[in-house]
Each structure stands twice: as structure tokens, then as C-alpha cells.
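A short worksheet on the structure shown next.
We did not get these values from a lab; they are worked out from the coordinates using the rules stated. Because the structure is predicted, anything quoted here is derived from the model rather than measured. Cβ placement follows ideal geometry from the backbone for every residue including glycine, while neighbour counts extend to all protein chains displayed.
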Amino acid sequence: MITAEEIREKYVRNHPSPFCPGCGGGMVLNAMSRAVESAGIDKKDVVAVSGIGCAAWIPSPHWRVDTLHTTHGRAVAFASGVKIADRDLEVMVVSGDGDCAGIGGNHLLHGARNNIDLNVIMVNNGLYAMTGGQVAPTTEHDEKTLTTPYGNPASSFEVAEVVKAAGASHVARWTTYHMKELVKEVEKAVDTKGFSFIEVLAQCPTRKGKKEGMTGIEMLEWYKENTSKDQDSEKMYVGTFCDVERPELTEEIYRQIERLGGE
Amino acid sequence: MSERIEIKIDRDMCKGCGICIKYCPKEVLARSEDLNQYDNHYPEVVSADKCISCRRCELYCPDFAIEVKEVKDEKEEKE
Ligand code: SF4
Ligand code: SF4
Ligand code: SF4
């Protein structure tokens with residue numbers, strides 16, 4: 001197994017990161033690095049695309065692979081362009097919940113519908129952290145944020161269910177408490193031909209924790225207590241939502257080009 | 001020849017979140033009294049003999065500041 005020092009040397013750039021103490025962002029970086037290493041992928045073939053927000057900083061500048069730091073919410077769109085241009089690349093998207101499901105929600109839906117071979121990791125901390133902790137589409141009903149001081153009047157949406165319904169090949173949800181499972185799931189995403197979406201509930205002790213009087217560790221404990229691998233449980237389900245074969249966009253495009261005699 | 005477990009802590013990379021201490025199943029680690037260069041309390045090894053080399057501390061650390069290695073004990077090898 002790769003050691004922390006080896007990960008730091010091979011996969012991490014500009015260390016220590018500016019993430020707050022106990023932030024889940026570093027744990028996602030740890031999991032992704034371990035997954036790419038154990039999947040045996042040459043990191044030269046990896047391109048990581050991100051948008052804006054704390055989670056966008058996980059790959060850019062902190063993951064030592066080729067990165068594209070793009071505009072808010074557009075990571076899936078840029079990543080689709082990269083994948084269509086060079087199908088041999090392993091294209092990862094790392095995006096926060098605000099970036100991925102809020103501002104970039106439409107790109108996410110159509111990425112899943114196209115079933116383009118991307119690996120999207122949505123780091124879900126339940127609000128817009130970088131800008132101060134504003135309400136996001138993933139903020140629970142009644143939850144207080146900077147912009148919902150009396151509680152969120154709206155409800156959150158189940159992003160994983162939505163992406164599954166939109167047609168992604170592989171959808172899963174884990175938390176930073178489930179590091180082992182997360183590493184395996186990222187490996188599986190890399191192996192999947194088609195759109196892979198992994199929602200990772202990740203603690204934001206600064207913007208969310210402070211508001212709720214919780215430390216990073218208490219948030220990890222919350223994930224442990226309030227999630228279940230049993231789909232029939234009352235608790236939040238963590239695990240695989242779907243793993244199905246469907247036509248993948250770039251393969252279909254290149255097949256068409258071949259059929260029409262192009263190169 | 002035997003193998004020895006070495007827990008390496010990079011004090012100055014540690015942000016003092018305490019996650020490694022919390023999730024070590026064997027209470028091998030404890031919070032330091034001293035501060036590192038960023039004024040964080042880093043973990044210290046308090047019961048090295050209890051370590052089962054599960055590497056959970058390393059898997060959970062958000063800042064790659066702790067690692068567990070199995071090193072060959074060269075001294076014994078020479079004997
Ligand atoms: S604000 Fe929250 S999400 Fe952003 S780095 Fe700090 S803890 Fe992490
Ligand atoms: S390897 Fe396991 S037992 Fe040893 S210090 Fe780390 S978490 Fe504790
Ligand atoms: S988990 Fe890492 S950063 Fe946090 S206290 Fe332990 S060594 Fe320090």
C-alpha cells in the first residue's frame with residue numbers, strides 16, 4: 001500500500017493545502033490518490049477538471065496531475081470536451097455540491113444523460129463554503145445557513161437519485177467516514193465505461209460545523225451514526241445506487257465517424 | 001530478522017485536527033502539549049507497542065502528516 005509520504009511526493013502539490021484543519025477536502029484528495037495508484041493508472045493519463053469553490057481546490061492546484069480549473073459550475077462541460085478530444089484520458093471532475101448540483105446542475109444532468117465516460121466526485125458539504133456558507137441545493141430543510149438564518153424554507157434534493165434517473169452508468173454515495181469504501185468506489189468509477197458519479201459527504205468544520213457547534217470529528221461521527229449500507233434503513237443510504245451498462249457518448253461518436261468513413 | 005512498526009509524524013504538516021487520534025482503534029496516539037510551527041497540537045505516539053499497523057490514521061489524515069511503515073529491524077539482522 002502506498003504511504004502518506006509517497007502520496008505526498010507523487011500526487012500532492014503545494015502542501016500543506018489551505019484547507020481548514022479537519023476539512024474533508026484533504027480526505028477526498030487522499031482517497032483519489034490511493035484509488036488512482038491502486039487502479040494502476042499512469043497519472044500522466046489523468047486530467048482533473050474543477051470549477052469554483054473549496055472542493056475545486058482539491059485537484060487544482062493540489063493534485064499533481066494535469067488540471068483544468070474552470071468557471072463556476074462548468075467542470076462537467078469542460079471535462080466532456082477533454083474526453084471527446086482524447087478518449088484515452090482518464091477524466092476526473094472534482095466539484096462541490098454548490099458547483100456541481102447548484103450552478104452546474106444542468107451540465108450534470110446532461111453529462112449523465114449522455115453517459116459520457118467521466119468520473120465525477122461531488123464533494124458535498126451542504127452549503128457554499130468558500131463564499132461564507134450560503135444555502136445550496138443540498139442544504140437540508142430547516143437548516144440554518146448564512147442566507148437562511150431562520151432555517152432553509154426549501155428542501156434539499158437527492159443528487160445521487162437525480163443523476164441515476166438521468167442515466168448515469170454508475171452512481172454511489174459515501175462519506176469521509178467511509179474512507180476504505182470511498183477508495184474502492186473511485187477505483188470502480190475509473191473502471192466504469194460511462195458516467196460515474198460519486199457523492200461524498202465531506203465535513204466543513206468552518207462554515208457548517210461552527211454554525212452547528214460541531215467539530216470536524218463530530219461531523220465524521222454524525223456520518224457514522226446517521227448513514228447505513230442497508231437500503232431499507234431509515235438512515236441515509238451509503239453505497240452503490242446503480243452500476244449498469246449503457247451506450248457511452250464518445251464511443252458512439254467515434255463509431256459514427258468510422259461508419260461515415262472519417263478518421 | 002524481525003519487522004518493526006514505525007509511526008512517522010510530520011509535525012509541521014499537521015493541522016491539529018485530531019482525526020488520527022480519534023480513529024486509531026488502539027489509542028496509540030495522543031494530542032501533544034507542544035505546538036508546531038502553525039500553532040497546532042500534533043499527535044504523539046504514546047503506546048507504540050499497541051499499534052496493529054492497520055494504517056487507519058494514515059488513511060484518515062486529511063494532510064498526509066502521519067504514516068505507518070513496517071521497517072526491517074537491521075540491528076537484529078546483523079546479530
Ligand atoms: S471552508 Fe469548509 S470546505 Fe472550505 S476549506 Fe474550510 S472546512 Fe473545508
Ligand atoms: S496504524 Fe492503526 S493502530 Fe497504529 S497508530 Fe495508526 S490507527 Fe493506530
Ligand atoms: S489527522 Fe493528520 S492533520 Fe489531523 S491531527 Fe492527525 S496528523 Fe495532524
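In table form, for the structure just shown:
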{"quantity": "Among the candidates A:PRO16, A:PRO21, residue that is of a type outside the set (A, V, I, L, M) and in contact (Cβ under 8 Å) with a residue 60 or more places away in the chain", "calculated": "A:PRO21"}
{"quantity": "Of residues in the stretch A:7-19 being over 19 Å from B:ARG11 (Cβ atoms) and not in a loop (DSSP other than H, G, I, E, B), the one farthest from the other protein chains (Cβ to nearest Cβ)", "calculated": "A:LYS10"}
{"quantity": "The listed residue being basic (Lys, Arg) and farther than 21 Å from A:ALA202 by Cβ, out of B:LYS22, B:LYS50", "calculated": "B:LYS50"}
{"quantity": "Enumeration of residues in the stretch A:156-179 that are within 14 Å of another protein chain (Cβ to nearest Cβ) and not aromatic (Phe, Trp, Tyr)", "calculated": "A:THR175, A:THR176, A:HIS178, A:MET179"}
{"quantity": "Number of the exception - A:THR215 against (1) more than 20 Å from A:LYS144 (Cα to Cα); (2) in contact (Cβ under 8 Å) with a residue 24 or more places away in the chain", "calculated": "(1)"}
{"quantity": "Residues of the stretch A:21-51 that turn out to be within 14 Å of chain B (Cβ to nearest Cβ) and crowded, with 22+ Cβ neighbours inside 10 Å, as a count", "calculated": "14"}
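Listed here are the residues, each with its yes/no results for (1) more than 12 Å from the chain's Cα centre (by Cα); (2) within 13 Å of ligand 3 (Cβ to nearest atom).
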{"site": "B:GLU3", "(1), (2)": "yes, no"}
{"site": "B:MET13", "(1), (2)": "yes, yes"}
{"site": "B:VAL28", "(1), (2)": "no, yes"}
{"site": "B:ARG31", "(1), (2)": "no, yes"}
{"site": "B:GLU44", "(1), (2)": "no, yes"}
